[in-house]
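Down below is the structure, laid out as structure tokens.
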Amino acid sequence: MPKVTSVEPQKKNPKRFNIFLEGEFAFGADEDLVVNRRLVVGKVISPEDLGNILFEAEVGKLMERMYRWFSIRQHSEKEVRDYFKIKNLKLKIQKGEEISELVIAVLISKLKEKGLVNDLEFAKAWTEARRKSKQKGIRAIKAELFQKGIDKEIIEEVVSSQSSTISEEELARQALEKKMKHWKNLPSVEFKKKAFEYLMRKGFEYDVVKEIIENFTKKE
């Protein structure tokens, strides 16, 4: 049975280690794997354990990739699954070894354990960001979250809580105000047409759009 002869920190990432068996490089491992499997010099590894360790090492390597990806923004569970669907499609075209469904399932489980994949928190962050920065209406946000694979119950819960912080009318008003410098000299009919189409694309309900445009028209 092979024996661990060296455990060396990787140069580019000191939190990952190169594991050598019988003097030969065998695999890379993250800190969790080294600690959990007690990968220290002198440890003898049975063939069965080696298979399990190599599986966990593959998951750990993908976790590092996920950490970098999640550092940009949060992602839903569906986005993670879609990421690997695309990755496997590329590997298939390149005739490479695809990532197994079992590895992906274990990876997602670990991401959930570490709080990285949490569809409720993702939906909250997404909704808040889209309403604040893009002045998106509820209808548009619901559609976006649905595309991200968020359950209907979570969508309704999050949208309801966010709606209480700022009204649809106020968001629509803010969105339209940003366009007024470009549209203020337009004839009334053309302004109403542009404003209506713009706010509907933003995902606001018809009654909200109608009310906001009427208020702007009266002011002007």
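Bear in mind that the values in this text are calculations on the coordinates, not laboratory data. Nothing here was measured: the structure is a model prediction, and the numbers come from that model. Glycine gets a Cβ as well: all are built from the backbone with ideal geometry, and neighbour counts include every protein chain shown.
Could you list which residues have their amide H under 5 Å from that of residue 21, counting only those 5 or more apart in sequence or on another chain, with H placed in the peptide plane?
Placed amide hydrogens put 5, 26 under 5 Å from residue 21.
Quick one: which residues, 5 or more positions from residue 43 or on another chain, have an amide H under 5 Å from its amide H? H modelled 1.01 Å from N in the peptide plane, none for Pro or chain starts.
4
When you count, for each residue, the other Cβ atoms within 10 Å and take the mean per peptide, how do 36-48, 187-199, 133-145, 18-30 rank with the highest first?
Details: 36-48: 12.1, 187-199: 14.7, 133-145: 18.6, 18-30: 16.4.
Final packing ranking: 133-145, 18-30, 187-199, 36-48.
Using r as the Cβ-Cβ distance of residue 71 and residue 153, and R0 as 25 Å, what FRET efficiency do you calculate, to the nearest 0.05?
Working: r = 29 Å, r/R0 = 1.16.
Efficiency, rounded to the nearest 0.05: 0.30.
I'd like to know how the chain sits against the 2.2 N^0.38 Å rule of thumb: what's its Cα Rg over that expected value?
This ratio for the chain stands at 1.52.
Got a sec to turn the phi values of segment 27-36 into Karplus ³J(HN,Hα) couplings, 6.51 cos²θ - 1.76 cosθ + 1.60 with θ = phi - 60°, whole Hz, x for Gly and Pro?
6, x, 9, 8, 4, 4, 5, 4, 6, 5
Cut-off under 20 Å on the C-alpha distance; same-chain residues fewer than 8 positions from residue 178 excluded. Which lysines are left, in chain and number order?
Cα-Cα hits under 20 Å: 132, 134, 136, 192, 193, 194, 202, 210, 218, 219.
Roughly how many whole Å is it from the C-alpha centroid of segment 158-184 to that of segment 99-130?
Segment 158-184 and segment 99-130 have Cα centres separated by 30 Å.
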